[in-house]
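Trainee: Mind having a look at this structure? Questions to follow.
Readers should treat all values here as calculations from the given coordinates under stated rules, not as data from a laboratory. Please read all numbers here as calculations on a predicted model, not as lab measurements. All Cβ positions, even for glycine, are placed from backbone atoms using ideal geometry, and neighbour counts span all protein chains on display.
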Amino acid sequence: MLSTYNRRKFTDVFVRSACVVAAVIALIPLISVLYYVTARGIGGINLDFFTELPKPVGEAGGGMANAIVGTLKLVLLACAIGIPPGVLAGVYLAEFGHSRFGKLVRFSADVMSGVPSITVGIFVYSLVVLQTKQFSALAGGIALAVLMLPTVTRTTEELLKLVPESLREAALGLGLPKWRATLRVMLRTAAPGIATGVMLAVARVAGETAPLLFTAFNNRFWSSGLNEPTASLPVNIYTYAVSPYEEWHRQAWAAALVLLLLVLLLNVSARLLVRNRVGAR
Amino acid sequence: MSVSHDVSLVRGRSRMLTRFGREVNWGDFVFRRSTALVAGLVIAVLLAMAIAMVRGSSESIAKFGLHFVFSSAWDPVRDIYGALPFIYGTIASSLLALVFAVPISLGVAIFLSELAPSWLRGPVGFLVELLAAVPSVVYGLWGIFALAPWLRETVEPLLARFLGFLPLFQGPQHGFGMLAGGIILAIMITPTISSVSREVLRAVPSALREGALGLGATPWEAVRVAVLPFARSGLVGATILGLGRALGETMAITMVIGNRAEISASLFAPSYTMASVIANEFTEATGQLYLSALAEVGLLLFVVTVLLNVVARLLVWRVGRLPEGGRL
């Protein structure tokens, strides 16, 4: 009797410790990545890194000013193209999403969020690059926007659904038509939460590399306007990391540090913002 | 004739009535139609994606047919393409990733939803989700300069010494290869599987748990007999979502798997995945047929991941709701 009890007790302790060990193992790579990127990247960070163009192979120094600006440009473009339709589609799903059409939209968004980013790259390549006959910031921005669209749509829908119905009823009771109640009361109440979701989506696409390889491509120089190949931090990290040059590896680590800081800053501040909001997790 | 109708005639505009006889608000009408139009854009983009992939690869499909999937000849010079080594590399690396990631992710999920004290759940969950925030290319960089050397100098010699009788652990030890690819994919899909699993476990009614505990079960027994059976299909769904992620992952694995189109039994040997071959060769592909073959690789990847996502979501929906945003 006692031995059975002991065995059960032992199994319980064993499995529970195994779960703790699993959680620890899961976090080791995170710590290792953060350590390596900081330790190796910090040496390459200086003023030149933010203000200079890349130097040709063999010359020391130089920076990634064009790639930093390029990444910001691509991300802003993606926001401009991706957020408005995402939010409107989310509003539709939250307000009228019970129809068969609504279910189809929701389903498409979910499926789209699982599509590999590299196939989005091929899609935008055939849609934009082949038509305009050049790699461009515009193509890169569209690719990132396509990746953002399903996230923004579903986040907007989920957060609008968290707004208490009593707010809508109060607005309707005061005589507002439904569309104004939705836009002025519901959407405004949900706006901080939606902003958080959008920030998470932006953080995700800011680090995307695969869809940019054959849309924005790369550029050793400044690119002006939206119709030229554009350098970006993620693509530069890739190119520099797989190159055989020691100096480029150093630059890749520095770029990784900058990119990681950008992404984690967006991510962590979004999550801290949401922590103080009612209803949003 | 009602009074209200007269008013409308006076103002000189036609009116639309709802089926309850109430006047339709034009703002509402426009609002509903225009948001529906934008929502339709989501479906349109997905459809356009499918059409673009099929059209892009039509030449290759017509030329090679089913042979494309079963042939290992990938020869741009002779313009003959078969994707078998890439398909093998993708499937093998993803399954290897599941071998590492599933036990760990389930452990994390059970820890976070059932066992951890509440003050620990927030921070640990947060850190696991940060794993998902690190860009793929940064994992790749870390893979090249930290993971691969570690595998080459420490892990692979040890494996060869103690398990070298298995074909899995034979051959030259580069560090770069299937093992590195599997590990890096495992790291990247762990947050996906564990966060979906955690949501699934949370959706299990606590009465089940309490019932088991009330009958004298230990906490683990309560999880095993009451929680896991209820959550099973959702956990399978979480795993399939992770698999979908692993199949389509590109940058990190391209940087560590060695990129050689070979099929080898050894985990130490280099391999090549479908996503990697697209990333490496798409911008350099010169011939029309070459591009078309690469697009067909993309099409295969697209179809498989879409199907996996559909199945996974149906399974997860059976248990409960997905985490907010739906992006996994």
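Trainee: Quick one: grab the alpha carbon gyration tensor of chain A, order the square roots of its eigenvalues as a ≥ b ≥ c, and give me rounded if a/c is under 1.5, else prolate or oblate depending on whether a/b is larger than b/c.
Mentor: Verdict is oblate for chain A.
Trainee: Please compute the average number of Cβ atoms from other chains found within 10 Å of each residue's Cβ in peptide B:306-312.
Mentor: On the way: counts 6, 1, 2, 7, 4, 0, 2.
Across B:306-312, the average partner-chain Cβ count within 10 Å equals 3.
Trainee: On to the next question. What relative contact order, as a whole-number percentage, does chain A give when Cα pairs under 8 Å and 6 or more residues apart are counted? Don't skip to the end; give the middle numbers.
Mentor: On the way: 364 pairs, mean separation 70.6, N = 281.
RCO, chain A: 25 percent.
Trainee: If you don't mind, there's one more thing I want to ask. May I ask you to order B:54-63, B:192-201 by the average number of other C-beta atoms within 10 Å around their residues, highest value first? Mind dumping the intermediate values first?
Mentor: On the way: B:54-63: 16.8, B:192-201: 26.1.
Order by mean packing, descending: B:192-201, B:54-63.
Trainee: Within chain A, what's the longest run with no chymotrypsin sites (Phe, Trp or Tyr not before Pro) in a DSSP loop and at most 14 other beta-carbon atoms within 10 Å? Give the range, please.
Mentor: Of all site-free stretches, the longest is A:1-220.
Trainee: Now, a different point. Specify the residue with the greatest mean-square fluctuation among B:Gly182, B:Gly40, B:Gly211, computed from a Gaussian network of chain B linking alpha-carbon atoms under 10 Å apart.
Mentor: B:Gly40
Trainee: To continue, here is another question. For chain A, with a Gaussian network of springs between Cα atoms less than 10 Å apart, report the residue from A:Ser269, A:Ser108, A:Ser166 with the top mean-square fluctuation.
Mentor: Of the options given, A:Ser166 has the highest mean-square fluctuation.
Trainee: Something else about it: Which of A:Cys19, A:Cys79 comes first, and how do the rest follow, when ranked by fewest Cβ neighbours within 10 Å?
Mentor: Numbers: A:Cys19 23, A:Cys79 20.
Neighbour counts put them in this order, fewest first: A:Cys79, A:Cys19.
Trainee: I would also like to ask the following. Please work out the ratio of the alpha-carbon Rg of region A:2-44 to 2.2 N^0.38 Å and round it to two decimals.
Mentor: 2.05
Trainee: Across peptide B:107-118, how many C-beta atoms of other chains are within 10 Å of each residue C-beta, on average?
Mentor: For this peptide, the per-residue mean of nearby foreign Cβ atoms is 4.
Trainee: Something else: Counting pairs on different chains as well as pairs 8 or more places apart, how many Lys pairs in the protein assembly as shown have Cα atoms under 29 Å apart?
Mentor: Numbers: A:Lys55/A:Lys73; A:Lys55/A:Lys133; A:Lys73/A:Lys133; A:Lys103/A:Lys161; A:Lys103/A:Lys178; A:Lys133/B:Lys63; A:Lys161/A:Lys178.
Lysine pairs, 8 or more places apart or on different chains, close enough: 7.
Trainee: Within region B:89-182, list the GluC sites (Glu not before Pro) lying in a DSSP loop whose Cβ has at most 16 other Cβ atoms in a 10 Å radius.
Mentor: Details: sites: B:Glu114, B:Glu129, B:Glu153; in loops: none.
The qualifying sites: there are none.
Trainee: Here's a follow-up. Within chain B, which is the longest segment that contains none of the chymotrypsin sites (Phe, Trp or Tyr not before Pro) sitting in a DSSP loop with at most 14 other Cβ atoms within 10 Å? Walk me through the numbers before you get to the answer.
Mentor: Values: sites that count: B:Phe20, B:Phe165.
Within chain B, the longest run free of exposed chymotrypsin sites (Phe, Trp or Tyr not before Pro) spans B:166-328.
Trainee: While we're looking at this one, here's another question. Just in region A:117-219: which trypsin sites (Lys or Arg not before Pro) are loop by DSSP and have at most 10 other Cβ atoms within 10 Å?
Mentor: A:Lys133
Trainee: Also, quick follow-up: With only alpha-carbon atoms in the gyration tensor, what are the semi-axes of the equivalent ellipsoid for region A:27-141, in Å, largest first?
Mentor: 38, 21, 14
Trainee: Pull out a ≥ b ≥ c, the square roots of the eigenvalues of the alpha-carbon gyration tensor of chain B, then state rounded if a/c is under 1.5, prolate if not and a/b is larger than b/c, and oblate in the remaining case.
Mentor: oblate
Trainee: To continue, here is another question. If you average the sequence gap of Cα pairs under 8 Å that are 6 or more apart and divide by the length of chain B, what percent do you get for the contact order? Mind dumping the intermediate values first?
Mentor: Numbers: 444 pairs, mean separation 81.8, N = 328.
Taking the mean separation of contacting Cα pairs over the length of chain B, I get 25 percent.
Trainee: Taking a ≥ b ≥ c as the square roots of the eigenvalues of the Cα gyration tensor of region B:24-147, is the shape rounded (a/c under 1.5), prolate (a/b larger than b/c) or oblate?
Mentor: It comes out oblate by the Cα gyration axes.
Trainee: Using the Kirkwood radius over C-alpha pairs as Rh, can you work out the diffusion coefficient of the protein assembly as shown via Stokes-Einstein at 20 °C, viscosity 1.002 mPa s, in µm² per second?
Mentor: Result for D is 82 µm²/s.
Trainee: Here is a follow-up. Per residue of B:46-52, how many C-beta atoms from partner chains lie within 10 Å of its own C-beta, taken as a mean?
Mentor: Across B:46-52, the average partner-chain Cβ count within 10 Å equals 6.
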